[in-house]
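Peer 1: This is the structure I want to talk about, given as structure tokens.
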């Protein structure tokens, strides 16, 4: 039983770190705010992840998510930019262009 618990904790820790590797776009949402989400399909060549408040409460707490939906861009474990819906529960569609601009900046800084 102890081995199983340690194994689960180890895997949760590894998974929770992997979603911030390299260039990652993470959308945090909840069942009640699905209408306010944005599609991240155009960013599939990067790491894209989606977490749900109802099933990933620990990650929400750790990442200090106050509003849903929220999109955060990470680069090698560091938060680069956060887009929050606020009380409207809808992300601004212009966020997609802003996300692309941030990614372009990260890519150009590598050279």
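Every read-out reported here was derived from the displayed coordinates using simple, explicitly stated rules and does not represent laboratory data. None of these values were measured; they are calculated from a predicted model. Neighbour counts run over all protein chains shown; Cβ positions are idealised from the backbone, glycine included.
Peer 1: What fraction of the DSSP beta bridges in segment 2-109 is antiparallel, stated in percent and rounded to the nearest 5?
Peer 2: Counting only bridges with both partners in segment 2-109, antiparallel ones make up about 65 percent.
Peer 1: Describe numerically, in nm with one decimal, the distance between label points set 7 Å from Cα along Cα→Cβ at residue 32 and at residue 61.
Peer 2: 1.9 nm
Peer 1: In segment 2-109, if every C-alpha pair distance is counted and binned at 5 Å from zero, what percent goes to each bin?
Peer 2: Bins of 5 Å from zero give 2, 12, 22, 24, 18, 11, 6, 3, 1, 0 percent of pairs.
Peer 1: Fewest to most neighbouring Cβ within 10 Å: what's the order for 107, 91, 53?
Peer 2: 107, 53, 91
Peer 1: Expressed as a rounded percentage, what relative contact order does segment 30-107 have, with Cα pairs under 8 Å and six or more residues apart?
Peer 2: 30 percent
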